[in-house]
Amino acid sequence: MTDTNKVKLINKLAYMGSGCLLVTPFTMDYQFTPLFAIIGLILITPQVYEKKQWNLVLLNFTGVLGYSWTLYWRLVDLPFLPY
């Protein structure tokens, strides 16, 4: 893969990730909202990694962990699961 194709792919992933993150605040009441945030953060991470913005890479990683934690507890507390 050439550098220009790599940059184009990274930019397209970042646009898709931004779209997922734009949806997240408006759907906070739904069960799977953290999934949009996780996907969005994962998709924008290659762009900030490529630009060597390590503080944003760390923020994205921390965000994925936090939203994963939230998603896990939302799924565990579903009423149809046997206890």
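For this structure, a couple of remarks:
- Residue list for segment 15-67, filter: over 28 Å from ASP3 (Cβ atoms) and outside any helix (DSSP H, G or I): MET28, ASP29, TYR30, GLN31, PHE32
- Condition check for THR70: part of a helix (DSSP H, G or I) and at pLDDT below 95: yes
- Residue within segment 66-76 that is exposed (fewer than 13 other Cβ atoms within 10 Å of the Cβ) and among the charged types (D, E, K, R) present: no
- So THR33, is it within 11 Å of the chain's Cα centre (by Cα), surrounded by 13 or more Cβ atoms within 10 Å (Cβ to Cβ) and at pLDDT below 95: yes
- Options LEU56, LEU71, LEU22, LEU35: the member that is of a type outside the set (Ser, Thr, Tyr) and touching a Pro at 6+ places or on another chain (Cβ under 6 Å): LEU71
- If the condition is being farther than 16 Å from THR70 by Cα and in contact with a helix residue (DSSP H, G or I) (Cβ under 6 Å, 6 or more places away or on another chain), then segment 22-49 contributes VAL23, LEU43, ILE44, THR45, PRO46, GLN47, VAL48, TYR49.
- Test result for TYR49, surrounded by 11 or more Cβ atoms within 10 Å (Cβ to Cβ), more than 23 Å from ASN11 (Cβ to Cβ), out of contact with any strand residue (DSSP E or B) (no Cβ under 9 Å at 6 or more places or on another chain) and of a type in the set (Ser, Thr, Tyr): no
- Among the residues making up segment 1-35, those that are under 30 Å from ARG74 (Cα atoms), free of Cβ contacts under 8 Å to residues at least 24 places away in the same chain and among the aliphatic types (A, V, I, L, M) are LEU21, LEU22, VAL23, MET28.
The values are calculated or read from the model by the stated rules, or taken from the named source; none is laboratory data. Since the structure is predicted, the reported quantities are computational estimates derived from the model, not experimental observations. Every residue, glycine as well, gets a Cβ built from its backbone with ideal geometry; the counts of neighbours run over all protein chains shown.
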